[in-house]
Amino acid sequence: MSATRPPIRVLHVIHHLQPGGMEYGLIKIVNGLVGSGVESTICSTTTANPTMRALLHPSVGLIELTRRPGNDPRLVWQLYRTFRRERPDIVHTHAWGTLVEGFVAARLARVPVVMHGEHGTLQLGASQVRVQRWIWPRVDVLLSVSSRLAERMAATVGIPLERVTVVRNGVDLSRFGTTPRAAARHALGVPDDLVLIGHAGRLVPVKDQAGLVEAAARLKAQGLAFRVVIAGDGPLRPDLEAQIAALEVGECVHLLGHQADVERLFAALDVYVLCSRSEGMPNTILEAMASGVAVVSTRVGGADELVVDGETGCLVPPAQPAALADAIGRLVSDASARERMGRMGRQRATTTFGLPTMIAGYEAVYAGATR
């Protein structure tokens, strides 16, 4: 980007800045663009989580609105006033939660460029599809975090695939793979010789942690020695606690709650499991690969763009706990396969999914849209 060109002012609109994959991903984008010729501001339609706020670079702006739960007609007016005051070159809305209000307010405020990005779970209700079918073709740039998600987006609304621009997620390799394994396992109280299986994500239905708990029960019945740790919080925690008790797997399945130090968590693992029913381009898979950890993942979204089945991990159908248990069990029983897949995963993350590649992709999209 030319040094004489004024900075491109991008205002991101997100439903809430709370711990979550999309939200962490957005923070990586705006922090990574600092000094690039792009000035970033995040507009959260609700109050931001203090931990997430603290992760933002000091030069990144943060605006917090007061959206009411559900549909809040006031939000269009709040966003309109925000856009008129901030005068961004680009408004970039993220996921369904900000699509309608963000698009309408940006057009009313005559923002030069309106972009929309999808990050994973698509809204497939009849009325939601109708809304997406009307708005998506009318944004200036439509973004996806994976090729698989782009294909689903195009099929959902009947638009040409080339209308969707793909910028894949990237991982900050400097953060992962450096924490000593022994110290990380000691912090979790895990013996060196016990196979540790991990998962990180919001405790919500689409992440299907219940499937992982059921898989753990199957592995326990086979007499395998292992421990599962699930990092994250959410509305399904009471249900998972009840399931763990009912299946009598409390000694081998532990709910850790929110973990701020994910680098330490990944350093302790032998196997990482993504058990979702739907995804975009899962950041946690990238983080596991960057940590040199073998991955077992459901074949959803862009997971198969990250995991090379049989080389860096194993892919299984979603919502099939038996298949999930079989794949995990093979790795629990084969230390050499775990080590080989972890090593190859780190190499693949390094060569293909580094953070600079993602940042360059967004910088190019923003520059191209404002020429």
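The values are calculated or read from the model by the stated rules, or taken from the named source; none is laboratory data. These figures come from a predicted structure and were not determined experimentally. No Cβ is skipped: glycine too gets one built from the backbone with ideal geometry, and neighbour counts run over all protein chains shown.
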Give the number of residues within region 319-331 that are touching a helix residue (DSSP H, G or I) at 6+ places or on another chain (Cβ under 8 Å) and buried (at least 19 other Cβ atoms within 10 Å of the Cβ). 5
So L65, is it in contact (Cβ under 8 Å) with a residue 24 or more places away in the chain and aliphatic (A, V, I, L, M): no
Considering each of V30, V38, V34 in turn, give the residue that is of a type outside the set (K, R), in the same structural domain as V145 (by TED's automatic domain parsing) and surrounded by fewer than 20 Cβ atoms within 10 Å (Cβ to Cβ). V34
Out of V34, V60, V114, V91, sole residue that is farther than 23 Å from R163 by Cβ, touching a helix residue (DSSP H, G or I) at 6+ places or on another chain (Cβ under 6 Å) and hydrophobic (A, V, I, L, M, F, W, C): V60
Are there any pairs, at least 6 apart or on different chains, whose C-beta atoms fall under 6 Å, with the first in region 334-356 and over 11 Å from A290 (Cα atoms) and in the same structural domain as A290 (by TED's automatic domain parsing) and the second of a type in the set (D, E, K, R) and in a helix (DSSP H, G or I), and if so, which? none
Being in a helix (DSSP H, G or I) and under 26 Å from S333 (Cβ atoms) narrows it down to one residue among E241, E214; which is it? E214
E305: in contact (Cβ under 8 Å) with a residue 40 or more places away in the chain and farther than 18 Å from F266 by Cβ, yes or no? yes
Does V111 qualify as being crowded, with 19+ Cβ neighbours inside 10 Å, over 24 Å from D172 (Cα atoms) and either touching a Gly at 6+ places or on another chain (Cβ under 7 Å) or among the charged types (D, E, K, R) (or both)? no
Any residue at all in region 18-27 that is of a type outside the set (A, V, I, L, M, F, W, C), in contact with a Phe, Trp or Tyr (Cβ under 9 Å, 6 or more places away or on another chain), touching a residue at least 60 places away in the same chain (Cβ under 8 Å) and crowded, with 17+ Cβ neighbours inside 10 Å? no
The conditions are (1) touching a residue at least 60 places away in the same chain (Cβ under 8 Å); (2) on the phi < 0 side of the Ramachandran plot, and P137 fails exactly one of them. Which is it? (1)
How about region 230-284: which of its residues are surrounded by 21 or more Cβ atoms within 10 Å (Cβ to Cβ), at pLDDT below 95 and among the acidic types (D, E)? E279
Taking region 160-202 and keeping residues of a type outside the set (A, V, I, L, M), under 22 Å from the mean Cα position of the chain (by Cα) and not in a loop (DSSP other than H, G, I, E, B) leaves T165, S174, R175, G198, H199
